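I have placed the structure first, in the form of structure tokens, so that the comments after it can refer back to it.
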Amino acid sequence: MSIEIQNLSYTYDPKAKFKKIALKDVSLSVEDGDFLAIVGHTGSGKSTLVTHLNGLTKVQSGKIIVDGIDLTGKFDAKKLRSKVGMVFQYPEYQLFAETVQLDVAFGPKNLGLDEEEINVRVKDAIEAVGLDFEQIKDKSPFELSGGQMRRVAIAGVIAMRPEILVLDEPTAGLDPKGKRDIMELVLSLKNTLKTVKTVIMISHNMDEVARYCNKVALLKDGELVGVYTPAQLFEDDTVEKCGLKLPTTVRLARVLKARGLIENDCLLTEEEIVAEIAKGGRHA
Amino acid sequence: MREISLGQYYPTGSLIHKLDPRTKLLITIAYIVMIFFIDTFVGFGLVFIGLMATVLISKIPVTKILKSLKAIIFLLVFTVLMTLLFYGGDKSEVVLSWWIFTFYKQQLIDCGLIACRLFFMVLGPTMLTFTTTPVQLTDGMQSLLKPLALIKVPVHLLAIIMSITLRFIPSLSEETDKIINAQKSRCADFESGNIFKRAKAMIPILIPLLTSSIRRAEELACAMDSRCFKDAKNRTRMNKLKFGWFDPVCLILFCALFFVVLWLKFNFLPFVDLTSLGWIV
Ligand SMILES: Nc1ncnc2c1ncn2[C@@H]1O[C@H](COP(=O)(O)OP(=O)(O)OP(=O)(O)O)[C@@H](O)[C@H]1O
Ligand SMILES: [Mg+2]
């Protein structure tokens, strides 16, 4: 279930006077089990890149192969989209049905599954996103809270049982607690659901990237700067050169290190920095 | 935000583009009225020269303009056919007789005049939209409608409603793209099935679109309210409308054209008698 992207380039309105080159010669591979973050300044082509993955954006030049499906020529869109689930930014704005159950069932229905299978999937998906199925199934999606709506929207994608889950800024517009809840949810989906093997997430929040991802692809003006592990990426100033901030933990650790309070400054989670400070305390 | 071409504005930065939108609006309105006064080919010839000059100065490629006329070809053909088939006017001079059809001289002339009238009727406003952005048009309209404020028409509010509407169109179109993509990701099928099935397939797009426009409107209202927006009466603007030297030139030239057209129609000048020049009609 791997993704191979080779020399992918994309231009919006290639015929227009001011054509907009969104991607330039991007090559990237994603393996089973990866939790890949795609980061970059706004307008760097992240969304354009991920919409290629389930065929919403047609390949202009280059090559993409998703689990053996070649996206360059003709392909079975339904099959691809049931493999690659896409959660867009602010997915709660795309809810439409009268009840939560019907909305979540939209995807599976379109896949042409039978009623029984659909019901099982809907129930599983709603429970997987941490909601009470019996309580919520007959409610209108519009009477839910923002966080619940977002969960329902994610359930709508999960119900299609994708193997690759792609999320475009899943935590945008949430408060810190909401952000953490959604990220924990994504992590638990990846770890507990047998179906979701790979997660690809666009993020502007380096704290999330540092904490949850195992691989980071950095884009700048449509070009792939590189693919790193979070530890590699936040070691130096690469992200800052691309207009992004370092994770809070790394910034704090650098200050502390400069004052000689701790030894190590590439600390990616709060737990790590707490441990390091405790260790540093003993040294002092 | 990405650019979305609204209408068919075609920027070249020419003198015509730089004209005050009020000038262009006034001329366009008067132009439409003028077209109705023309009933000779000489008149249309004059208008044609005027329009050609405008097109040349505006530097808009002629092909671009012709393309925008595609929409009226059907209307044009239809009207011409109608006049040819159901003609009830002067049948004195037969020009052509073929099978069950007979064409009269006056019939052909009428046909040509109607075609010209339609053609020019569309071309004028087309040039306006090619050279003026929607925002400029709203500003111009607001300025021209100002006198209506005297009879308590809330012109300033209408103007702000219009400019907000214009501002929202690109956002909503972007939103629509996003929603379509999101539902497509869930394997929504908009392309197959009969009309009813397709109409039903639009529901997952229309409902989110509706809720999101209501949400946006509400958010905007709150934002305006929280910045103490009361009414737009004393609103100042960043780009003030200003007449340049080319505005009076255009107005004068246009008035001259209008005068000639009226003269051709009503023959009111004492020293030249148009009826003596038979070829004009
Ligand atoms: N539909 C479109 N038409 C024209 N240009 C577009 C379109 N969508 C995006 N672009 C342009 O392509 C470039 C890449 O856009 P993209 O949406 O992929 O960026 P992004 O990295 O996702 O940004 P953000 O972080 O703001 O979501 C941008 O410069 C954008 O202006
Ligand atoms: Mg984006």
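Applying both filters, DSSP loop and at most 15 other Cβ atoms within 10 Å, to the trypsin sites (Lys or Arg not before Pro) of the stretch A:163-265 gives A:LYS194, A:LYS245, A:ARG259.
Label-to-label distance for A:HIS204 and B:TYR9 is 2.6 nm, based on points extended 7 Å past Cα in the beta-carbon direction. Would you mind telling me the share, in percent, of accessible area of the stretch A:3-246 contributed by carbon and sulfur at probe 1.4 angstrom? That fraction is 48 percent.
Going down the list A:LYS58/A:LYS123; A:LYS74/B:LYS70; A:LYS109/A:LYS139; A:LYS109/A:LYS197, which pairs span over 27 Å between their C-alpha atoms?
Details: A:LYS58/A:LYS123 33 Å; A:LYS74/B:LYS70 34 Å; A:LYS109/A:LYS139 19 Å; A:LYS109/A:LYS197 23 Å.
Correct reply: A:LYS58/A:LYS123; A:LYS74/B:LYS70.
Helix-derived [θ] at 222 nm for chain B: sum -39500 (n - 2.57) over DSSP H runs of at least 4, divide by residue count, nearest 500? Walk me through the intermediate numbers first.
On the way: 11 runs with 184 residues, N = 281.
-22000 deg cm²/dmol, from helical runs alone.
Report in % the part of the accessible area of the stretch B:22-148 that belongs to carbon and sulfur, leaving out ligands and nucleic acids; probe 1.4 Å.
On the way: 5310 of 7000 Å².
The C+S portion of the solvent-accessible surface of the stretch B:22-148 is 76 percent.
Counts of other chain beta carbons within 10 angstrom of each beta carbon in peptide A:45-55 average 1.
Given their separation in residues at 0.36 nm each and the Cα-Cα distance between them, B:ILE203 and B:SER92 gain 33.9 nm when the chain is fully extended.
Computed from the mean reciprocal separation of all distinct C-alpha pairs, what Kirkwood hydrodynamic radius does the stretch A:3-246 have, in Å?
On the way: mean 1/r = 0.0539 Å⁻¹.
Hydrodynamic radius (Kirkwood, Cα pairs) of the stretch A:3-246 is 18.6 Å.
Taking trypsin sites (Lys or Arg not before Pro) as exposed when DSSP calls them loop (any state but H, G, I, E, B) and at most 16 other Cβ atoms lie within 10 Å, what is the longest stretch of chain B free of them, the sites themselves excluded? Write out the running numbers ahead of the final one.
Working: sites that count: B:ARG2, B:LYS59, B:LYS91, B:LYS152, B:ARG227, B:LYS230, B:LYS233, B:ARG235, B:ARG237, B:LYS240, B:LYS242.
By the stated rule (loop sites, at most 16 other Cβ atoms within 10 Å), B:153-226.
Annotation: aspartates and glutamates with alpha-carbon distance below 15 angstrom to A:LYS78 (same-chain offsets under eight excluded): A:ASP67, A:ASP70, A:GLU163, B:ASP189, B:GLU191.
Label-to-label distance for A:GLN232 and A:LYS139 is 4.4 nm, based on points extended 7 Å past Cα in the beta-carbon direction.
Could you give the nm distance between label points at A:LYS241 and A:ASN119, where each point is 7 Å from its Cα heading toward the beta carbon? Those two pseudo-labels are separated by 5.9 nm.
Report the calculated FRET efficiency for A:LEU187 and B:ILE164 (r = Cβ-Cβ distance, R0 = 56 Å), to the nearest 0.05.
Working: r = 42 Å, r/R0 = 0.75.
The computed FRET efficiency comes out at 0.85.
Buried surface for the B/A pair, taken as the accessible area of each chain alone minus that of the pair with a 1.4 Å probe, is close to 1700 Å² in total. Ellipticity at 222 nm from helices only: DSSP H runs of n ≥ 4 in chain A, each -39500 (n - 2.57), divided by the residue count, give -11500 deg cm²/dmol.
When you look at the Cβ of every residue in A:234-244, what mean number of other chain Cβ atoms sits within 10 Å? Intermediate results must be reported in sequence, preceding the final value.
Values: counts 0, 0, 0, 0, 0, 0, 0, 0, 0, 0, 0.
For this peptide, the per-residue mean of nearby foreign Cβ atoms is 0.
Can you tell me the equivalent ellipsoid semi-axes for chain B? Use √(5λ) from the Cα gyration tensor, largest first, whole Å. Before the final figure, lay out the partial values.
Working: eigenvalues 383, 187, 55 Å².
They are 44, 31, 17 Å, listed from largest to smallest.
By how many degrees, 0 to 90 and rounded to 10, does the Cα axis of helix A:176-192 deviate from the longest principal axis of chain A? Result, in degrees: 70.
Angle, helix B:41-58 long axis vs. longest principal axis of chain B, Cα atoms, 0 to 90°, nearest 10? Computed tilt is about 40 degrees. Computed over the Cα atoms of the protein assembly as shown, pair by distinct pair, the Kirkwood hydrodynamic radius stands at 29.2 angstrom.
Site-free segments of chain B were taken between GluC sites (Glu not before Pro) in DSSP loops having at most 14 other Cβ atoms within 10 Å, sites themselves excluded; the longest one is B:94-190.
So, for the protein assembly as shown, what is the accessible surface per residue at a probe of 1.4 Å, expressed in square angstrom?
On the way: 30840 Å² over 565 residues.
Accessible area per residue: 55 Å².
Take A:51-58, B:71-78 and order them by the average number of nearby Cβ atoms within 10 Å per residue, most first; the result is A:51-58, B:71-78.
Against chain B, whose longest principal axis comes from its Cα atoms, helix B:134-145 is set at around 70 degrees.
Interface burial in the stretch A:91-107, defined as at least 50 Å² less accessible area with all protein chains than with the chain alone at a 1.4 Å probe, covers A:TYR93, A:GLN94, A:PHE96, A:PHE106. With the highest mean first, a sort of the peptides B:138-148, A:119-129 on other beta-carbon atoms found within 10 angstrom per residue produces A:119-129, B:138-148. Distant-in-sequence amide contacts of A:VAL166, defined by a placed amide H-H separation under 5 Å and a gap of 5 or more residues or a different chain, comprise A:GLY85, A:MET86, A:VAL87, A:ILE200.
The values are calculated or read from the model by the stated rules, or taken from the named source; none is laboratory data. The shown structure was predicted, so the numbers you read here are calculated from the model rather than taken from an experiment. In this analysis, Cβ positions are derived from the backbone assuming ideal geometry, glycine residues included, and neighbour counts consider all displayed protein chains. The area values use the complete protein model at the heavy-atom level, side chains included, leaving out ligands, DNA and RNA. Shrake-Rupley method; radii C 1.70, N 1.55, O 1.52, S 1.80 Å.
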